[in-house]
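Asker: Encoded as C-alpha cells, here's the structure I'll be asking about.
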Amino acid sequence: MRIIALVLILLMTTTPSASAASVTEVTGFGTNPGNLRMFRYVPDNLPAGRPLVVALHGCTQDAAGYGTASGWLALADRYRFTVLLPQQQSANNLNKCFNWFQTTDTTRGQGEAASIAQMITKTGATPVYVTGLSAGGGMTSVLLATYPETFRGGGIVAGLPFGCAASVIDAYTCMNPGKNLTPQQWGDKVRAAAPFSGTRPPVTIWHGTADYTVAVANQRELVEQWTNAHGTDAVADTTDTVAGHPHAVYRNTSGGAAVETHTITGMGHGQPVDPGTGPQQCGTATAYVLDVNACAAWHLAHGWGLDG
C-alpha cells in the first residue's frame, strides 16, 4: 500500500499543470451573414469586466498568426484583456482579405460588419476597442463608422477610409494612388453609415511612408474623414516624435484627442512591431509585420489605458 501511495504522490507532483491560454474558435455566435470565423484569446484566470480588443488580420494572414505576430496576445496576458480575432475565409475572398470595399459587407446590419458585431456581442465584454492591418484596417474604418456606439477607440494600420470604394476595381484605385475627397465628403460618408449623436471614438492611424500597396496618401484622407466626423479640422494641434517617427494629434472641441497619426519613415506595407522584452516592446517580425523599433499594438494599448 505504501508503494501505491508513493506512486500516486509521484504522479500528482509530476503531472503538468493546465496548459496556458490559447486561441480557440467560437461557433454559434449569431446568424453570421458575412460567413466569417470567430476566434478568441482569453488569458487564464481573467476576471470579469476586463476590456476587449478586436484585432483584424490583413490579406493572406490568419487570426492566430496575426494576433501573435502583432503582439496583441502577449499584451493581453500582460495587461489582462480579451482579444477577439475574426478570420476571413477564402470562400469570401481568395486572398483572405476582409471585404472593406463591398457595400454588402460594409453596411450596418449586413455582411461581414454584422458578423463581427455579433462576435462582439457573444463575448459580452466591455469596453471594446478595434484595430486592424491593411484590409483589416479598412474593416476597422467600417466598424467605427457603422457601429460607433460599440467602440471606445480604434487603430487603423496601413488602412483605408470608410466608403472609399464600392467594388474590387474601385478598391485598387483607393489603395494606390488613393482618392482625394474633401473632409466634408469623407465625413458625410461616416455620418450616413449609422444613426449616432454621441461622441465618436478616437482614431489612431499608423502608416509607412514607403507603403506602395496602400499609399500613404490614405493616411491624410483618414485624418480628414475622422476629424470631420468629430466636428473638428484637419490641422494638427500638436506634433512631436514617438520612437523617432513623426506623431501628430488632432483635438476635438473639448480638447480631447480625436485623431492621432504615427507616420513611420521608410516603412513599407505592414504592422509596426518592436520585438524584445522591454516595457514598450512587443511583436515578432514576419510577412507584413515589420520591425521598425515601434510596436503599434503597445502604443495603442497604452493610449487606450489598457496598461492600467
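Asker: Restricting to region 218-242, name every residue that is out of contact with any helix residue (DSSP H, G or I) (no Cβ under 8 Å at 6 or more places or on another chain) and within 30 Å of Gln281 (Cβ to Cβ).
Answerer: Gln219, Arg220, Val223, Ala236, Asp237, Thr238, Thr239, Asp240, Thr241
Asker: Which is in a loop (DSSP other than H, G, I, E, B), more than 19 Å from Lys96 (Cβ to Cβ), out of contact with any Lys or Arg (no Cβ under 9 Å at 6 or more places or on another chain) and not polar (S, T, N, Q), of Gly34, Gly49, Gly30?
Answerer: Just a single option satisfies the conditions, and that option is Gly49.
Asker: With the requirement that a residue be outside any helix (DSSP H, G or I), surrounded by fewer than 20 Cβ atoms within 10 Å (Cβ to Cβ) and at pLDDT 95 or above, what does region 187-198 give you?
Answerer: Ala192, Ala194, Pro195, Phe196
Asker: Pick out the one residue from Thr284, Thr213 that is touching a residue at least 24 places away in the same chain (Cβ under 8 Å), surrounded by fewer than 16 Cβ atoms within 10 Å (Cβ to Cβ) and closer than 20 Å to Val142 by Cβ.
Answerer: Matching residue, one of Thr284, Thr213: Thr213.
Asker: Here is a follow-up. Go through region 42-64 residue by residue and tally those that are more than 17 Å from Val26 (Cα to Cα) and among the β-branched types (Val, Ile, Thr).
Answerer: 1
Asker: Between Val249, Val242, which is farther than 16 Å from Ala210 by Cβ, of a type in the set (A, V, I, L, M, F, W, C), surrounded by fewer than 21 Cβ atoms within 10 Å (Cβ to Cβ) and free of Cβ contacts under 8 Å to residues at least 24 places away in the same chain?
Answerer: Val249
Asker: Another question about this same structure. Checking the condition part of a helix (DSSP H, G or I) and touching a residue at least 24 places away in the same chain (Cβ under 8 Å), which residue from Ala165, Ala114, Ala125 passes?
Answerer: Ala114
Asker: Oh, and also: Do you know which residues across region 107-126 are over 25 Å from Lys189 (Cβ atoms) and buried (at least 18 other Cβ atoms within 10 Å of the Cβ)?
Answerer: Thr123, Ala125
Asker: Looking at region 83-111, which of the residues that are within 16 Å of the chain's Cα centre (by Cα) and not in a loop (DSSP other than H, G, I, E, B) is farthest from Thr31 (Cα to Cα)?
Answerer: Result: Val83.
The values are calculated or read from the model by the stated rules, or taken from the named source; none is laboratory data. Since the model is a prediction, treat every value here as computed from it, not as a measurement. Counting neighbours? That spans all protein chains shown, and the Cβs are built from the backbone with ideal geometry, glycine included.
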